[in-house]
Amino acid sequence: MTLPTILHLVDDASAGGVMRMLSHIETAPDFARFARHRVEVVSRSRIGARREGADMIVSHLSVNWRNLPALMTLRARHPGLPLVHVEHSYTEGFTALNVPRKGRFFTLLRTAYSLFDSVVAVSAGQADWMTRRGLVSADALTVISPAVGLGAFTALRPVYHPPQVIGAIGRFDRQKGFDILIAAFRKVENPALRLRLIGDGPERAALQDLAAGDPRITFAGFAPDPAAAMAGVEAVAMPSRWEAYGLVSLEARAAGRPLLTARVDGLADHAAAGATAVSGQGVDAWAEALRNLTDADAPVRIAVAEARADAARAEARFAESWSALVTALVSGGDAAQQRDLAQAA
Amino acid sequence: MPKASIVVPAYNVAETLPETLSSLLAQTAQDFEIVVVDDGSTDATAEIVQRLSDPRIRLISQENRGLAGARNTGIAAARGAYIGLCDGDDLWRPGKLAAHIAHLDARPEVGISYSGSEFIDAASRPLGVFQRPRLRGVDAAHLFRRNPIGNGSAPVLRRAMLDRVAYRPAGETQRDWWFDETFRQSEDIEMWLRLALTTDWEVEGIPGALTLYRVNGGGLSANTGRQLAAWERMVEKLAPLNPAFFAAHAPAARAYQLRYLARRAVSDGDGPRARDLVLRALACSRRPLAEEPAKTLTTCAAAAALTLPGAARLGRIATQRRLSYPKG
């Protein structure tokens with residue numbers, strides 16, 4: 001039996017987490033077992049082009065009004081082919097903070113998602129939101145949380161002692177909420193604590209201003225090797241204002257790092273798997289959480305071990321879930337053939 | 001499960017609670033319950049509820065936790081998909097609940113449904129003063145500047161929305177929080193703004209003055225310092241959610257807040273304080289002047305007139321002295 005060919009389309013090659021995930025899909029043996037995967041980085045003008053030789057197309061594309069005609073063309077040119085969209089960006093938190101006209105935005109999403117045979121939410125939190133807003137019909141919605149190769153993270157020695165070096169890892173963008181974290185960290189007076197911000201981005205200067213005068217806070221720059229960056233911290237904080245899934249949270253759990261996350265969107269999935277969720281998103285709530293984390297004893301260790309055990313299975317779960325989706329849409333592909341015939345007739 | 005719950009926070013409201021409950025029991029909507037939270041009253045509030053035998057009423061008694069704490073207890077106990085709030089001294093017009101149920105049924109993306117209010121005095125007489133808020137196209141900036149929801153007896157909330165912001169602060173063992181109980185004032189606007197900045201539910205009003213909001217004059221302007229402090233603490237707490245939003249809108253919102261406090265000082269006949277507040281409002285932002293020139297200029301003129309000798313009597317207009325909980 002020949003393996004089906006899956007074509008992954010992506011238009012924003014600067015999205016670090018998405019590109020790492022795609023690189024994992026392209027190269028991981030787990031994924032090679034059930035399909036051949038090709039990744040194509042496309043410009044808007046190329047989104048709708050006719051693709052030969054693919055048995056299924058997976059969109060990791062940005063959904064917006066400007067892309068909508070191209071997505072419609074993509075659908076129209078591949079009438080019988082299974083099309084899947086993975087929603088990497090949009091969430092309730094994103095909508096709350098970035099969308100002035102919510103009704104219009106939901107109309108865009110409903111329209112775009114209806115072009116696909118299946119829509120993949122990257123977290124249960126995001127899927128709940130899609131269901132609540134009626135963005136996708138229940139039978140077309142699947143939750144598959146992304147993963148990357150986690151071997152280098154699970155190989156790290158887990159942290160079961162009270163952590164003193166807190167890491168904030170990710171793009172320096174207002175989405176990540178590192179400004180909240182710095183303000184909160186400064187309220188925690190323990191001189192032994194360290195906060196290490198690892199990354200780069202448009203907010204770098206503003207974050208450095210916020211941190212000025214507190215020698216416990218350092219900036220490490222962009223880390224080309226995420227596992228090496230993780231090895232240098234004893235806990236991870238993710239105070240994101242919105243987050244569809246949060247790959248760094250998965251990596252932190254796999255590395256056995258105690259993890260604090262905001263209680264938003266996909267980050268709630270990590271809380272369900274052993275991370276500590278911080279409610280309220282205020283500076284005081286984060287300061288309190290940092291104090292509790294760094295004073296931590298037995299209960300946290302159990303949570304860290306549980307979170308690590310769950311994360312260790314994430315890579316396999318990721319491949320299995322995609323394999324199941326491909327099987328359902330391609331191999332059960334009589335339906336697709338019939339649609340082709342219907343189209344021809 | 002009833003379709004709707006009406007939560008009645010009640011603190012020392014024995015005088016007004018019977019009328020409040022009568023107005024709620026007289027709702028034309030069919031399927032609802034009333035959850036009265038006796039918040040550590042020292043008067044006959046609890047006995048009044050116990051004496052009523054209507055099966056739709058439930059009484060919960062607790063040690064005093066304040067207005068936010070009483071509402072939270074009521075929300076925790078409420079079973080309806082929609083939850084209305086009505087303070088123990090305010091009244092609902094008979095069609096209010098039915099109108100909000102119809103609104104929330106018809107508009108599934110709306111999380112907060114509210115209406116305008118008419119002010120009544122201690123004897124429940126209409127004062128001819130209305131809150132006629134903007135009803136449509138309300139975003140976080142409108143909430144912050146003008147709080148169209150208006151008062152704590154105006155909104156009916158969708159349970160599914162409340163579930164999105166429930167949290168359990170350290171030290172709380174009984175139930176979740178929705179309103180932030182560390183606030184004794186500004187707890188309403190803190191909640192509405194937090195909802196607007198962290199969830200994607202829409203806020204929308206329906207026509208009509210469906211709430212009768214009880215006020216009586218005098219004695220509150222001494223409180224303006226604490227009011228303002230609570231408001232500023234609300235801004236400080238929520239600013240990290242969206243710093244750019246607060247940088248853009250806080251000056252105008254602060255000006256409106258100061259003008260509101262100035263009007264209360266005017267009502268109390270406190271000329272110097274009113275004048276001080278009005279000047280501070282204008283120093284913050286000219287937006288109240290540009291957006292609502294008549295109301296702003298009236299406030300300025302009244303404050304100025306009050307600084308004339310013997311003018312204190314002139315300023316008495318309907319204001320917002322709450323009988324039980326201090327007004328937030």
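Here, each number is a calculation from the coordinates, and none is a lab measurement. For clarity, every value in this text was computed on a predicted model and none was experimentally measured. Cβ sites come from the backbone with ideal geometry, for glycine too, and all protein chains shown count toward neighbours.
Points worth noting:
- Prolate/oblate/rounded call for the stretch A:151-312, Cα gyration tensor, a/c under 1.5 rounded: rounded
- Between 0 and 90°, nearest 10: helix B:271-284 axis offset from chain B longest Cα axis: 90 degrees
- Of the chymotrypsin sites (Phe, Trp or Tyr not before Pro) found in the stretch A:1-89, those in coil by DSSP whose Cβ has at most 16 other Cβ atoms within 10 Å are A:Trp65.
- In the stretch A:1-52, trypsin sites (Lys or Arg not before Pro) in a DSSP loop with at most 11 other beta-carbon atoms within 10 Å: A:Arg33, A:Arg50
- Förster radius 45 Å - calculated FRET efficiency between A:Ala305 and B:Arg132, Cβ distance, rounded to 0.05: 0.15
- Listed by chain and number, the lysines whose C-alpha is less than 21 Å from the C-alpha of B:Lys96, apart from same-chain residues fewer than 8 away, are B:Lys3.
- Where both bridge residues fall in the stretch B:1-155, DSSP classifies roughly 15% of the beta bridges as antiparallel.
- Kirkwood Rh and Cα Rg combined as Rg over Rh, evaluated for the protein assembly as shown: 1.02
- As a ratio to 2.2 N^0.38 Å, the alpha-carbon radius of gyration for chain A is 1.04.
- Nearest 10 degrees, 0 to 90: helix B:293-306 Cα axis against chain B principal axis: 70 degrees
- Ranking of A:Ser279, A:Ser23 by neighbouring Cβ atoms within 10 Å, starting from the fewest: A:Ser23, A:Ser279.
- Residue-span extension gain [B:Thr28 to B:Ala247] - 0.36 nm each, minus C-alpha spacing: 74.4 nm
- Cα long-axis angle, helix A:102-113 against chain A (0 to 90 degrees, to the nearest 10): 50 degrees
- Extents of the stretch B:4-214, taken as max minus min of Cα coordinates on every principal axis and listed largest first, are 45, 43, 30 Å.
- Among A:Ser43, A:Ser240, A:Ser114: highest mean-square fluctuation, GNM of chain A, C-alpha pairs under 10 Å: A:Ser43
- Where the Cα pairs of the stretch B:221-315 fall when distances are cut into 10 Å bins, in %: 18, 44, 28, 8, 1
- Whole-angstrom gap from the stretch B:81-114 to the stretch A:156-181, using each part's C-alpha centre: 43 Å
- In the protein assembly as shown, the calculated helix contribution to ellipticity at 222 nm averages -12500 deg cm²/dmol per residue, counting -39,500 (n - 2.57) for every DSSP H run with n ≥ 4.
- Ranked B:Glu190, A:Glu315, A:Glu320, criterion: other C-beta atoms within 10 Å, fewest first: A:Glu320, A:Glu315, B:Glu190
- Look at the dipole of the protein assembly as shown built from charges on Cβ: of B:Gln257, A:Thr276, A:Tyr160, the Cα furthest out on the positive end belongs to B:Gln257.
- Taking 23 Å as the limit for the C-alpha separation, the pairs A:Lys176/B:Lys237; A:Lys102/B:Lys295; A:Lys187/B:Lys237 exceed it in the case of A:Lys102/B:Lys295.
- For chain B, a Gaussian network of Cα nodes joined below 10 Å ranks B:Leu228, B:Leu297, B:Leu67 by mean-square fluctuation, and the top entry is B:Leu297.
- Förster-model FRET efficiency, 60 Å R0, A:Ala138 and B:Ala123, C-beta, rounded to 0.05: 0.60
- Label-to-label distance, B:Asp176 versus A:Thr111, with points set 7 angstrom from Cα along the beta-carbon direction: 3.5 nm.
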